[in-house]
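A short reminder: the numbers here are calculations on the coordinates, not readings from a lab. Note that the coordinates shown come from a computational prediction; the quantities given were computed from them, not determined experimentally. FYI the Cβ positions are ideal-geometry reconstructions off the backbone, even for glycines, and counts take in every protein chain you see.
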Amino acid sequence: MFTQIVDPLHNLGLTALVALVPLALLLALLAGYRMSAWLATLIASVVTFLLAVWIWGMPTRDGALAYLYGAATGIWAVDWITLWGVMIFNTLQVTGDFERFRRWLLAHATADVRVQAILLAWAFGALLEGLVGFGYPWAVVAPILIASGIPDLDALRVAAIANNAPVSYGALGVPIIALAAVTGIPLMALSASVGRIVAVLALLPPWILIYLVTGSRGLRGGWPLAIVGSLSYIAGQFPVSQWLGPYLPDIAGAIVSFAAVFMLLRFWRPSPMMGYGGRVVEQEQATANPAQEHGLSGAEVFRAWLPFIVLIVVVVLWTGPWSPLTRETIFSVKVTAMSPVTNKPVAAAFMFNPFISGTAILVSWVVILLFVRPTASQLGEVVRRTFHQMWGALLVGAFIFGLAFTFNFSGMATSLAYAFSRLGTGYLIVAPLLGWIGVALSGSNTSTNAMFGYFQVLVGSLLHFPNLLLPSLNSVGAEIGKPIAPQTASVGVSTSRFVRNEGEVIRHNMGWTFVLLGYLILIALLFYFVLPQAMST
């Protein structure tokens, strides 16, 4: 069995810098040269493989298997989900059902862009993240925001920033489930500790969203929206994460947030109402009756919501903790290396379960077809449109997971984390940064937790930190990095004019991820110095 080399250059600082090359290259190609994500991840994965063989001494055959198992995991665990999610979206677009849904949402969101940002990007986006994740909220929410008058690039940024807080509980809690699997920490304990951090993190994004769409002037008149939007999401998310587990916090938070914002709008509306950029909306638009504005009958409103009701029911019944389907693995393959730090094997594995979440979304699509009844020509258009939008994103899913598995299997991830662990208490700054780095490399909170979760536990033990703190920060740090994750961006832009131009979007999003990362570091200090008992089992 291949034994990883922690410091192949005999200088831990230099080794760590070389281990950062894949991330630096990836971000340079995407944000600097604005290269398509599929090509950037292909180049970065080749460079990662060569460094792993040349510097870290990874056996070529075992490394190739690790890369292939990673690529297969990306295709089956991520691409299979996003493909059918976008198929549902395109089916609703081609049949006109999405237009009816958009009209209903915009009518009830009023003409004020601040309300639209909170109701659509924040609350509705959290619902989609809780059900599907992997960039799907961007793909659905951004077109609605664009139709309401927000420029394409800014609409994608709003959808991305709104998508931060819900990510750890995305796709019915898959990232937390993965974190529990690799760390050996009880699932409920991790769900609760991540929930405590997310509850504090979720206080900030609604304020940022309002600022992004209307500036500081919009914040002065729209602050009740930020307060109600954040607190209502927390009111749904927090108790579920503490006592029911990681499966439904996003869905509960989204539903409570929807209800609270709708209730707020019955008694209060921002004045003056503003469009994008802080311009004042005409009075007749501001006072329009939502029922008259969308012009839909009760039956048409029900039809517009029906696909999302089907998606919620099928996915929750299929993938919840009560269902045996997601645990049915037909076969698995793996290749292992030995970590000299943990003295335990590190596995790069692929497990084939035909009934994973992506299959649930496929079944949801089939059920939706029975209700919307598209014609053969419409179905053909759905397939053509989905292929045009998604082929690049599907390649990214394979290449980025191959890169992540190689990075972990070769020992590059261990070298990087081990170097950072020498910082002592200062590691509190680095722990969320590793999550940010991991999601930038892998595009997935789930794979980031798989890459760095156990090492975060080990470092916490060496530094005598509360045992839940570092793995929880790893997961939430990955949330912060999602707006610049190549795989997420590839799916997120699939319904916009930035298809295969993800670099432009990543560059536009990056600054705000640093703001949120700084806020998360302050949260880490709060829990370490003030509330350490909240991060201990």
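For the reader, a short list of remarks on this structure follows.
- The residues Thr488, Thr91, when put in order of fewest to most other Cβ atoms within 10 Å, stand as Thr91, Thr488.
- For the range 451-510, a Kirkwood radius taken over Cα pairs fed into Stokes-Einstein (25 °C, viscosity 0.890 mPa s) yields D = 186 µm²/s.
- For the chain, excluding the exposed loop sites themselves (chymotrypsin sites (Phe, Trp or Tyr not before Pro), DSSP loop, at most 13 other Cβ atoms within 10 Å), the longest remaining stretch covers 34-267.
- Dipole of the chain [Lys/Arg +1, Asp/Glu -1 at C-beta], most positive-end residue of His508, Pro186, Pro272: Pro272
- The sum of -39500 (n - 2.57) across all DSSP H runs of n ≥ 4, divided by the residue count of the chain, sets its helix-only mean residue ellipticity at 222 nm to -22500 deg cm²/dmol.
- The alpha carbons of the range 481-537 occupy a box of 47, 23, 12 Å along the principal axes, longest dimension given first.
- Anisotropy class of the range 87-217 from Cα gyration tensor, a/c 1.5 cut: oblate
- Loop-exposed GluC sites (Glu not before Pro) per DSSP, neighbour cap 14 Cβ within 10 angstrom, longest uninterrupted part of the chain: 1-281
- Per-residue HN-Hα couplings for the range 330-337 [Karplus 6.51, -1.76, 1.60; θ = phi - 60°; Hz; x = Gly/Pro]: 7, 8, 9, 9, 7, 10, 10, 10
- For Met274, residues with placed amide H under 5 Å, excluding near neighbours: Val113, Arg114, Val281
- Taking Ile521, Ile480 and counting other C-beta atoms within 10 Å, the order from fewest to most: Ile521, Ile480
- Surface/4 estimate of mean projected area, convex hull on alpha-carbon atoms of the range 2-535, nm²: 22.9 nm²
- From the alpha carbon centroid of the range 191-262 to that of the range 375-404 is 32 Å.
- Residues Met263, Met35, Met535, Met412 arranged by fewest to most Cβ contacts within 10 Å: Met263, Met35, Met535, Met412
- Karplus-derived HN-Hα couplings along the range 75-83 (A = 6.51, B = -1.76, C = 1.60, θ = phi - 60°), whole Hz, x at Gly and Pro: 5, 7, 7, 10, 4, 5, 6, 5, 4
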